[in-house]
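All of the numbers you see were taken from the coordinates with simple rules; none came from a lab. As the structure is a computational prediction, the values presented were derived from the model and not from experiment. Here the Cβ positions follow ideal geometry from the backbone for every residue, glycine too, while neighbour counts run over all protein chains shown.
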Amino acid sequence: MPAPATKLRIKSPALLVAESGADRAGHGLKRTMGLFQLICFGVGAIVGTGIFVGLSDSVAQAGPAVVVSFVLAAITCVFTALSFAELGGAIPVSGSSYSFAYAGLGETTAFLVGWCLLLEYGISISAVAVGWSQYVNELLDSLFGHQLPAALSAGPGDGGFVNLPAVIVIAMACVLLVRGVRESARATAAMAAVKLTILLAFCVIGYSAFKDGNLTPFSPAGLGGIGAGTTAAFFSYIGFDAITTAGEEAKNPRRDIPVAILVCMGVVTLLYCAVALAAIGAIGADEVGGRPAALSYVVNRVTGSSIGGAVVAFGAVVAIASVVLAVMYGQSRILMSMSRDGLVPRVFEKVSPRTSTPVAGTLIIAIVFAIPAAFASLDAVVNLCTIGTLAVMAVVNLAVLALRRREPGLNRTFRVPFYPVAPLLGIGFCLYLMYETGWTTWLQFAVFLAVGLGVYAAYGRRHSRLATTAAAPSATVATEVAEAMAAGTLTAELTADVVEAAR
């Protein structure tokens, strides 16, 4: 195992696991999540704004061929999901793609990945909360015939003053998260069951009114429309990688994390395609495309009553709330890992001894991202979230390639099939969808990365604990750790030796 302070400041998988305490008892986080909870957590992180709010945007771009767009977006995610599954089982820590990049490509890349995760997790908290506000109004309208005043349910960009419901859902998620992971996991499982039930009921209603003629013309905008629809549909899959942020709180992360990722991707892809076909087949792409709260509208049209639409709206409210909870969880764990490494302030790594959660970090995240949720538009951040997430996914695929070469003996409970073709295809699909976001988004992303490099140069590089390590772990201890990881027998005593040596 190389010394941690290499030219690229690469941190070995053994040291990442040892410093996190992921293979020992007594560290700050508690192992409370089994396979079922991980799957529910994954579904909770994925199914939400993308299908309940974003479906209409994808249909507006691709027409009935939106099903192809969903499949292409899923293929992009599946290749990367395989890479996440391999790395999540081999390096079961809270840092997810940030830690994977640290082990495979070095500190600078890892910091930029963590910076981009502010888009996937942090900014998307704001975006998802804005989508939640739309369905709250739809639910109120269905039940009582009235909505919240625009001044209190939309930001200035959408004709209002402050989006109060968006702030409220972030606050509710924050309260659940600081109470404890067990409580959050139970809430996520319950919400996942509710929204899956409602989406399946939607499919039953939609297919009862299905007309073949509504699927023609199948691709009115041609391949360009399908490509644009794929980029829009990709937002519906953001969040599956959040499963890997539970590496330190899963009971058996090396086995369960890969399984949970693959099960979630399969279930969600089938569900999305079924929902899209049901909606378009029932009333046609022209009526679905560009319509807010499209699923509620479809049910109201088919049933001739507002009751069904109210049920769907309730499902959307639950579904989107669960996404806010899951992505806020993921963001807090990413920042906790970066804080351990000295790349962000230490407040984010502090874990409450009472609740075993990073209370201070979670509160900061809630406050910071409630501000854009209150005043920004959903459309203003979706493309930026998408391109940042795609960039992270491309790096994770690169990390698989790098670690296969550098750490051939790493204990991999799951291995990417068809290596190296699968990760290379994952990179290619990610780059294609990044291209489809358009030059304006690329310009915004370039500025965002430049700011990130500035923050790293001004703070992260100077405070990096890897760079200021007085001495690397001894060759003997390093060899023992590498061998123990390969055998899956890393002990508390050996972990303590590594942590002490690294400090």
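Within straight cross-link reach of residue 211, meaning Cα distance under 28 Å, which lysines are found once same-chain residues fewer than 8 apart are removed?
Candidates past the 8-residue exclusion: 195.
If I model a spin label at residue 462 and residue 347 as a point 7 Å from the Cα along the Cα→Cβ vector, what separation in nanometres do I get?
1.9 nm
Quick one: 3J(HN,Hα) in Hz for the range 358-374, Karplus 6.51/-1.76/1.60 with θ = phi - 60°, rounded, Gly and Pro as x.
x, 4, 4, x, 5, 5, 4, 4, 4, 5, 4, 8, 6, 5, x, 4, 6
Quick one: helix 124-144 against the long Cα principal axis of the chain, what's the angle to the nearest 10°, folded into 0 to 90?
30 degrees
Can you work out the Karplus-derived ³J(HN,Hα) for every residue in the range 103-109? Use 6.51 cos²θ - 1.76 cosθ + 1.60 with θ = phi - 60°, whole Hz, and x for glycine or proline.
Karplus values, whole Hz, x for Gly and Pro: 6, x, 10, x, 5, 4, 5.
Kindly write out, for the range 312-329 in residue order, the coupling ³J(HN,Hα) from the Karplus curve 6.51 cos²θ - 1.76 cosθ + 1.60 (θ = phi - 60°), rounded to whole Hz, with x marking Gly and Pro.
My calculation for the range 312-329 gives 5, 4, 4, x, 5, 4, 5, 4, 6, 4, 5, 5, 4, 4, 5, 6, 5, 4 Hz in order.
Please list, by residue number, every one of the chymotrypsin sites (Phe, Trp or Tyr not before Pro) in the range 160-233 that is coil in DSSP and has at most 11 other beta-carbon atoms within 10 Å.
Passing both the DSSP loop test and the Cβ count: no residue.
As I understand it, the value is the acute angle between the Cα axis of helix 421-436 and the longest principal axis of the Cα atoms of the chain; what does it come to in degrees, rounded to 10?
So the inclination is approximately 50 degrees.
Given charges of +1 on the Cβ of Lys and Arg and -1 on the Cβ of Asp and Glu, with all other atoms neutral, how large is the dipole of the chain about its Cα centre, in debye to the nearest 20?
With only Lys, Arg, Asp and Glu charged at Cβ, the dipole is about 960 debye.
So what's the back-of-envelope 222 nm ellipticity for the chain, counting only DSSP H runs of four-plus at -39500 (n - 2.57) apiece and dividing by all residues, rounded to 500?
About -22500 deg cm²/dmol.
Among all the lysines, which ones have a C-alpha under 30 Å from residue 350's C-alpha, if same-chain residues fewer than 8 places away are not counted?
7, 11, 30, 251
What span do the alpha-carbon atoms of the range 31-469 cover on each of the three principal axes, reported in whole Å from largest to smallest?
68, 45, 41
By how many nm would the segment from residue 451 to residue 35 grow when fully extended, if each residue of separation counts as 0.36 nm and the alpha-carbon distance is taken off?
Extending this stretch completely gives an extra 145.9 nm.
Dipole of the range 151-307, Cα-centred, from +1 at each Lys and Arg C-beta and -1 at each Asp and Glu C-beta, to the nearest 20 debye?
380 debye
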